1. Does the range 37-58 contain any residue that is within 14 Å of the ligand (Cβ to nearest atom), more than 17 Å from the chain's Cα centre (by Cα), within 20 Å of Leu168 (Cβ to Cβ) and not polar (S, T, N, Q)?
2. List every residue pair whose Cβ atoms sit under 9 Å apart, with the two residues 6 or more apart in sequence or on different chains, where the first one lies in the range 48-71 and is closer than 12 Å to Ala105 by Cα and the second, anywhere, is open to solvent by 50 Å² or more (accessible area, probe 1.4 Å) and acidic (Asp, Glu).
3. Just wondering, is there one or more residues in the range 106-119 that are without any contact (Cβ under 8 Å) to a residue 12 or more places away in the chain and within 20 Å of Leu30 (Cα to Cα)?
4. Select from the range 36-57 the residues that are modelled with pLDDT of 95 or more and either small (Gly, Ala, Ser) or out of contact with any helix residue (DSSP H, G or I) (no Cβ under 8 Å at 6 or more places or on another chain) (or both) and list them in ascending order.
5. Touching a helix residue (DSSP H, G or I) at 6+ places or on another chain (Cβ under 8 Å) and open to solvent by less than 100 Å² (accessible area, probe 1.4 Å): which single residue out of Leu168, Leu179 fits that description?
6. Select from the range 26-43 the residues that are closer than 27 Å to Ala128 by Cβ, of a type outside the set (D, E, K, R) and either open to solvent by 50 Å² or more (accessible area, probe 1.4 Å) or part of a loop (DSSP other than H, G, I, E, B) (or both) and list them in ascending order.
7. Which ranges mark the strands (runs of 3 or more DSSP E) fully within the range 108-204 that have 2 or more residues being away from the ligand (no atom under 15 Å from the Cβ) and farther than 15 Å from Ala64 by Cα?
8. If a residue has to be closer than 15 Å to Ile178 by Cβ and open to solvent by 30 Å² or more (accessible area, probe 1.4 Å) to count, how many in the range 140-152 make the cut?
Amino acid sequence: MLAQQTLQLIKTRRTCRSFDKFTDISEKKLNNILEAAIWAPLSIYQLQERKFIVLKGQAREKAATVIVDDPTILKYMRYMYDHQPWGRDEAWENKAIEFAADLGAAPVMVLALTQKNANRHKMEHNLATMWCAAQNMMLQSHAEGLDSGVVTFASEKVKKQLVELTGLNAEKWEPVYILNVGESREDPPPMERHRENVIIVKEK
Ligand SMILES: Cc1cc2nc3c(=O)[nH]c(=O)nc-3n(C[C@H](O)[C@H](O)[C@H](O)COP(=O)(O)O)c2cc1C
């Protein structure tokens, strides 16, 4: 039963881009989501070199302003609506513009940072570790009856400003994503997944 429930949880999780700004999430739910982040797989190169900074109220507003003030926030969304399998999609375009105005208006944002590492292999591990935590948080949010959505940054300027907001050293720390969490105001359809990407090799 747990196997089926887990798979169902994974398959029904969606990226949310429109939240109810005025419905806060309970401390208990938020703690569970952060606990899920902490328990994600760790690389030995990145045992504790990471931070999950919860931004609410004015702190959330400041971070959202830094992100939406930069035009690169729309780049990702524009790519999405320009590359739908059925062609350019106007509904998506409007959604993107609304999203870019206040980043979906989630009441809670988790800013995830890793330490920079000049060694490419180790940096890859650092980033991978953060993405494992992202998936854990998204699934736990979903299990808590909440929705979530990850936002990444194409601009070095935005990254630097975000680290500065936290008081950490921008030379040392790299923001990897922010995770919006809250009550959803939308019910986005799933994007198609291709089963043929799974290849089973059997050798006797
Ligand atoms: C590495 C990565 C980066 C992403 N960056 C963004 C982003 O910057 N903005 C955004 O709105 N969604 C972002 N997403 C969310 C994806 O667009 C989303 O997962 C995808 O469209 C599939 O939808 P689903 O999550 O509802 O299954 C990102 C996802 C991943 C894995």
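1. The initial filter retains those residues of the range 37-58 that are within 14 Å of the ligand (Cβ to nearest atom), namely none.
No, the conditions are met nowhere in the range 37-58.
2. Lys56/Asp24
3. The first filter runs over the range 106-119 and keeps only residues without any contact (Cβ under 8 Å) to a residue 12 or more places away in the chain, leaving 118-119.
Then keep just the ones that are within 20 Å of Leu30 (Cα to Cα); that gives none.
No; the residues of the range 106-119 include none that is without any contact (Cβ under 8 Å) to a residue 12 or more places away in the chain and within 20 Å of Leu30 (Cα to Cα).
4. Ala36, Ala37, Ala40, Lys56, Gly57
5. Result of the check over Leu168, Leu179: Leu179.
6. Looking only at the range 26-43, we keep the residues that are closer than 27 Å to Ala128 by Cβ, and these are 29-43.
Filter again for of a type outside the set (D, E, K, R), leaving 30-34, 36-43.
Passing the criteria: Asn31, Asn32, Ile38, Trp39, Ala40, Pro41, Leu42, Ser43.
7. On the way: elements: 108-115, 147-151, 173-182.
The qualifying strands (runs of 3 or more DSSP E) are 108-115.
8. Pass one, the range 140-152, residues closer than 15 Å to Ile178 by Cβ: 141, 147-152.
Keeping just the survivors that are open to solvent by 30 Å² or more (accessible area, probe 1.4 Å) gives 147, 150, 152.
Residues that pass the stated criteria total 3.
The values are calculated or read from the model by the stated rules, or taken from the named source; none is laboratory data. Just so you know, these numbers come straight off a predicted model, no measurement behind them. When we count neighbours, we look across all protein chains shown, and the Cβ atoms used for this are built from the backbone with ideal geometry, even at glycine. We work out accessible area using only protein heavy atoms, side chains counted, and drop any ligands, DNA or RNA first. Shrake-Rupley method; radii C 1.70, N 1.55, O 1.52, S 1.80 Å.
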